[in-house]
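What follows is a single structure, written as structure tokens, with notes after it.
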Amino acid sequence: MITLSVVVPVRDCERYIADALSSLCRNVRHDFEFIVVDDGSVDATGDIADDFRGDLPGLGVIRNPAPLGLADARNAGLTAATGRYVTFMDGDDWLAPGYLGRLVDAIEGLGCDFVRTDHVQAEGRKRVVHRAPLSRRGAVLAPRDAILPADVRTMVDYPYAWAGVYRRSLHDLLHFPGSLHTAEDRPWIWRLHREAATFAVVSLAGLFYRRQVAGSLTQVGDERQLHFFDAFQLVFKDLEEEYLPKAVRNFCALLAHHLEIADRFTPALRSRFEERGAEMVRALPAEMVVEAVARMSAEREATLRVLLPDLPPSPHVRLRLRAGRDREDT
């Protein structure tokens with residue numbers, strides 16, 4: 001019987017895939033399986049993965065003739081998985097030796113639906129541990145209780161699918177919206193926390209997340225970035241009223257971030273991105289938007305106000321304006 005399935009979606013990653021699979025070799029167990037989904041690569045990624053069949057017991061390689069996107073690649077891996085538990089790794093990341101065994105020990109010891117972990121961000125030679133937002137560790141909790149409060153970073157602000165392990169019996173809750181080519185983890189993490197029964201966070205940081213990789217969607221400024229809005233439309237769909245302020249704040253902060261790095265867009269795409277952003281914000285409750293903007297840095301607030309000139313001033317903006325008038329009067 002397979003205990004753990006590891007799903008590795010990858011596309012055009014010949015530079016890094018050998019490192020990723022070598023790290024899996026240092027995590028082998030007889031009851032683990034490894035599912036590489038080659039999502040329409042046009043480089044040597046698939047061939048390199050095939051070369052590991054003799055070194056990595058339990059390795060299977062699925063090849064998509066044409067790219068379907070990260071969400072559908074993960075879903076293909078989930079469909080093929082047979083383990084009691086499942087986890088994810090991207091093809092340009094790697095794992096510490098023995099990490100997968102510790103993941104399984106964590107979820108089996110706690111007996112919950114899913115377990116979330118910390119991770120290590122790797123940029124060149126720099127290594128920084130990023131902790132999951134919940135400070136309470138090793139305790140089984142209700143996932144819905146980890147969505148709020150709205151004004152601080154919570155578990156729905158930590159959407160990385162690879163930072164955790166999940167019971168495969170969660171079935172559809174583990175599948176990603178296949179229509180999305182980016183931001184697919186945003187509606188995924190919200191749905192998981194709204195509908196699963198139990199979860200826990202553990203202090204385990206054995207996944208190394210490689211940053212600033214050329215070709216990564218975080219670096220690309222093509223039309224796939226517009227799926228950010230489709231992703232949040234799924235977040236807002238049928239959302240309980242108690243969670244709406246959190247989702248509004250989450251969306252506005254990420255929108256401001258995307259606008260700050262919009263130089264990667266062509267002028268035409270930037271215009272479309274700004275139009276969709278303004279349209280979505282205007283469809284949200286105005287008082288919640290004002291409150292979300294009020295808690296941003298002055299720079300981010302200014303970025304959003306260029307997009308939304310008719311947005312009512314937030315309280316601290318009114319205070320700054322009043323202070324400026326007072327100085328003029330003296």
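The values are calculated or read from the model by the stated rules, or taken from the named source; none is laboratory data. This is a predicted model, so every value here is computed, not measured. For neighbour counting, all protein chains shown are included, and Cβ atoms are generated from backbone atoms with ideal geometry for every residue, glycine included.
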Subject >> Inter-residue pairs, beta-carbon under 6 Å, first within 17 Å of Trp94 (Cα to Cα) and in segment 121-141, second loosely packed, with under 13 Cβ neighbours inside 10 Å, 6+ apart >> reply: Gln121/Val128; Glu123/Gln212
Original post:
How do the pairs read when you match residues in segment 64-80 that are within 17 Å of Ser5 (Cβ to Cβ) with residues anywhere that are at pLDDT 95 or above and assigned to a helix (DSSP H, G or I), using Cβ under 8 Å and keeping only pairs 6 or more apart or on different chains?
Top reply: Leu78/Arg168; Leu78/Leu174
Original post:
When you scan segment 274-296, how many residues do you find that are more than 24 Å from Asp238 (Cα to Cα) and under 23 Å from the mean Cα position of the chain (by Cα)?
Top reply: 3
Subject >> Identity of the residue in segment 208-229, under 23 Å from Ser179 (Cα atoms) and under 15 Å from the mean Cα position of the chain (by Cα), that ends up modelled with the lowest pLDDT >> reply: Gln219
**OP:** Tally the residues that are in a helix (DSSP H, G or I) and either free of Cβ contacts under 8 Å to residues at least 24 places away in the same chain or of a type in the set (A, V, I, L, M) (or both), restricting the search to segment 281-298.
**Re:** 10
**OP:** Check whether at least one residue in segment 98-111 is at positive phi, buried (at least 19 other Cβ atoms within 10 Å of the Cβ) and either assigned to a helix (DSSP H, G or I) or modelled with pLDDT under 95 (or both), and report yes or no.
**Re:** no
Original post:
Right, Arg127: part of a strand (DSSP E or B), surrounded by fewer than 14 Cβ atoms within 10 Å (Cβ to Cβ) and not β-branched (Val, Ile, Thr) or not?
Top reply: yes
Original post:
When segment 50-87 is examined, which residues are found to be in a loop (DSSP other than H, G, I, E, B) and under 18 Å from Gly178 (Cβ atoms)?
Top reply: Pro65, Ala66, Pro67, Leu68, Gly69, Ala81
Subject >> Extreme residue, surrounded by the fewest Cβ atoms within 10 Å (Cβ to Cβ), among residues of segment 112-124 that are part of a loop (DSSP other than H, G, I, E, B) and of a type in the set (D, E, K, R) >> reply: Asp118
**OP:** Please identify the pairs in which a residue from segment 176-191 that is touching a residue at least 12 places away in the same chain (Cβ under 8 Å) and crowded, with 22+ Cβ neighbours inside 10 Å has its Cβ atom under 7 Å from the Cβ atom of a residue that is part of a loop (DSSP other than H, G, I, E, B) and hydroxyl-bearing (Ser, Thr, Tyr), counting only partners at least 6 apart or on another chain.
**Re:** Asp185/Tyr160
Subject >> segment 233-270: number of residues that are within 14 Å of Val281 (Cβ to Cβ), crowded, with 20+ Cβ neighbours inside 10 Å and in contact with a Leu (Cβ under 8 Å, 6 or more places away or on another chain) >> reply: 6
Original post:
Does Asp145 meet the test of being assigned to a helix (DSSP H, G or I) and of a type in the set (Asp, Glu)?
Top reply: yes
Original post:
Of the residues Ile17, Ile62, which single one is in the same structural domain as Phe176 (by TED's automatic domain parsing) and surrounded by 22 or more Cβ atoms within 10 Å (Cβ to Cβ)?
Top reply: Ile17
Original post:
What about Arg300, is it modelled with pLDDT under 90 and over 30 Å from Arg194 (Cα atoms)?
Top reply: no
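Picking from Asp12, Asp47, Asp38, Asp90, which residue would you name as being at positive phi and either not in a loop (DSSP other than H, G, I, E, B) or not assigned by TED's automatic domain parsing to the domain that holds His227 (or both)?
The unique qualifying residue is Asp12.
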